[in-house]
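Encoded as structure tokens, the structure appears first; notes follow it.
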Amino acid sequence: MFESAYPEIVMDNGRMTVKLRGEIDHHTARPMREEIDRAVRRIRPVSVTLDLAEVTFMDSSGLGLILGRLDLAEQMGIPLSLRHVGERVARILRMGGLCKAHRIQIESEGKEASGQ
Amino acid sequence: MKEALLNEYRLTLPARSENESVARAAVCTMAALLDPTVGELADIRCAVSEAVTNAIVHGYRQQKNGTVYITVKLYTGSVLQVEVADRGCGIADVEEAMQPLFTTDAGGERSGMGFCVMQAFMDSVKVTSAPGKGTSVLMRKRLRGEDERRKA
């Protein structure tokens, strides 16, 4: 259960994909945040994509995790996008005003892609 | 018609972050007796997660060995009531704390959207708090799972 909190980070031609897995809550968000920030600061990718396909649960701590990574990426001038955003996660993102503000690009927002 | 109590459960958990997942799983197991839809169960899971996390992160932020008290009641008419209480620091201004994006956890994991999520996913959310004594979050939801399925 605890090892699944660590995201898988894949690099392809300077583009970083972060595969988040399992349940994102206040308990698991911290190791995820530390792992992602460490990798982004060290590698300085040309872009970052957070892939949520394998996320089975997310509460507002997940929103905090995503908003915080968005802040970091913006500070570093790196575009950040989300992939495989399920219906339930999208609902929480909308509450945070993420989509409304167009601060973030959501790729393939589809039911078929979600693990929700 | 007055609702009659069908089942009542009490759960106490040490206020430690790894128990957030335990709390929401336990409450969902209890709520499942009311035959909710998958979506309703997901709503409950998320709302409980928010309330329990608030108790741990905010209620007990200055003290160790706190306890989170959860009471789940199932009523006739498919009504679920969940109370999440702590005996922590309390909230001085409940109205302010419930504002979107309000958080005292600067730089932490929280987004300030916990109460908004609870309100969006449950029918009602009532917060009672006294500084120095603790906070109680009382949430209710009428599950329509059965009706929905009958319509289908």
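The values are calculated or read from the model by the stated rules, or taken from the named source; none is laboratory data. Model, not experiment: these values are computed from the prediction. Every residue, glycine as well, gets a Cβ built from its backbone with ideal geometry; the counts of neighbours run over all protein chains shown. For accessibility, only protein heavy atoms count, side chains too; no ligands or nucleic acids. Shrake-Rupley method; radii C 1.70, N 1.55, O 1.52, S 1.80 Å.
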Here the qualifying pairs (Cβ atoms under 7 Å; residues six or more apart or on different chains; first in region B:1-29 and assigned to a helix (DSSP H, G or I); second open to solvent by 30 Å² or more (accessible area, probe 1.4 Å)) come out as B:E20/A:H26; B:E20/A:H27; B:S21/A:E23; B:S21/A:H27; B:R24/B:R45; B:A26/B:L11; B:C28/B:L41; B:C28/B:R45
Next item on the list: Please indicate, with yes or no, whether at least one residue in region B:48-62 is more than 20 Å from B:A15 (Cβ to Cβ), more than 9 Å from chain A (Cβ to nearest Cβ) and open to solvent by 50 Å² or more (accessible area, probe 1.4 Å).
Entry: no
Scanning region B:31-47 for residues that are open to solvent by 30 Å² or more (accessible area, probe 1.4 Å) and of a type outside the set (S, T, Y), the one nearest to A:G62 (Cα to Cα) turns out to be B:R45
Among residues of region A:54-96 being open to solvent by 30 Å² or more (accessible area, probe 1.4 Å) and outside any helix (DSSP H, G or I), the residue nearest to the other protein chains (Cβ to nearest Cβ) is A:T56
Restricted to region A:2-15 and to residues being among the aliphatic types (A, V, I, L, M) and part of a strand (DSSP E or B), the residue farthest from B:E18 (Cα to Cα) is A:M11
Note on region A:16-31: residues outside any loop (DSSP other than H, G, I, E, B) and either open to solvent by 20 Å² or more (accessible area, probe 1.4 Å) or within 19 Å of B:G112 (Cβ to Cβ) (or both) are A:T17, A:K19, A:R21, A:E23, A:I24, A:H26, A:H27, A:T28, A:A29, A:R30, A:P31
| message | Against the condition at pLDDT 90 or above, within 18 Å of the chain's Cα centre (by Cα) and either within 14 Å of chain A (Cβ to nearest Cβ) or open to solvent by 70 Å² or more (accessible area, probe 1.4 Å) (or both), how does B:V94 come out, does it pass? | response | no
Practice item. Inspect all residues belonging to region B:42-52 and state whether any of them is part of a strand (DSSP E or B) and either acidic (D, E) or modelled with pLDDT of 95 or more (or both). Key: no
In region A:32-44, anything open to solvent by 10 Å² or more (accessible area, probe 1.4 Å) and touching a strand residue (DSSP E or B) at 6+ places or on another chain (Cβ under 7 Å) is listed as A:I43
In region B:1-23, anything more than 14 Å from every other protein chain (Cβ to nearest Cβ), more than 12 Å from B:T71 (Cβ to Cβ) and open to solvent by 50 Å² or more (accessible area, probe 1.4 Å) is listed as B:M1, B:K2, B:E3, B:L6
The condition from (1) open to solvent by 50 Å² or more (accessible area, probe 1.4 Å); (2) away from chain A (no Cβ under 14 Å) that B:G77 misses is numbered (1)
